[in-house]
Each structure stands twice: as C-alpha cells, then as structure tokens.
Amino acid sequence: MSNKRIASTETPTETLPSEKTAGTVHLDAYRVVLFNDEEHSFDEVIFQIIKAVNCSRSKAEKLTWEVHSRGRAIVFSGTIERCIYVSAVLEEISLKTEIQTG
C-alpha cells in the first residue's frame with residue numbers, strides 16, 4: 001500500500017511541467033502598445049519598429065498601418081524586461097508607447 005501512496009504522490013509531480021508552462025505564460029503577459037502621432041513619417045516608424053522588435057519590413061509596415069488607422073497597436077508581447085527594452089528603443093525618436101499587462 002505504501003507503494004501506491006508513493007505512486008499517487010508522484011502524480012502531482014508529473015503535472016509540474018505544465019505548471020511551469022503556465023507560469024511562463026504569466027511572465028510573458030506584457031505588451032508594448034505604440035500610439036499614433038502626427039510627427040513621424042511612416043518610414044521613421046517602420047525603421048524604429050524593425051530596430052526595436054527585430055522583425056521583417058513587411059511585419060513593421062503592417063504594424064505601422066495598424067497604428068495609423070486604429071490609433072494604436074500592440075507591437076510586441078513578452079517578458080517585462082524585453083518590453084521595457086522595446087519601449088525604450090521606440091521612444092528613442094519620441095514615439096509614444098505604453099507597457100500593459102493582462
């Protein structure tokens with residue numbers, strides 16, 4: 001019987017990897033929102049997005065268009081440390097950003 005108890009106490013241990021995954025998702029629950037302005041050209045914003053998030057020009061163009069047409073766009077999601085970095089790079093040319101959770 002004690003062997004069965006040991007086996008049953010090992011079962012919760014087997015669920016730990018999924019708990020770690022859930023924790024990782026929680027840690028990546030931050031996002032950088034970029035707001036539209038009338039001060040920067042499309043090319044300036046595209047270049048800065050590429051620099052900040054290391055994405056393709058095509059992706060940066062889509063994000064820039066979304067910012068322009070909707071007034072804002074989520075340009076990056078990840079850890080808080082990475083979001084702070086991305087936000088800082090975007091703000092190098094005085095783009096307006098916000099880091100959100102949730």
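The values are calculated or read from the model by the stated rules, or taken from the named source; none is laboratory data. Because the structure is a prediction, the values reported are computed rather than measured. Neighbour counts run over all protein chains shown; Cβ positions are idealised from the backbone, glycine included. Ligands, DNA and RNA are stripped out before the accessible areas are found, and what is left, the full protein with its side chains, is counted by its heavy atoms. Shrake-Rupley method; radii C 1.70, N 1.55, O 1.52, S 1.80 Å.
Summary table
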item	result
Most to least accessible of 83, 55 (protein chains only, probe 1.4 Å)	55, 83
Computed over the stretch 40-100: relative contact order in percent, which uses C-alpha pairs under 8 Å that are six or more apart	29 percent
Proportion of all alpha-carbon pairs of the stretch 40-100 beyond 15 Å (%)	43 percent
Net charge of Cβ neighbours under 12 Å - reference residue 33; Lys, Arg +1; Asp, Glu -1	+2
Net charge of Cβ neighbours under 12 Å - reference residue 90; Lys, Arg +1; Asp, Glu -1	-3
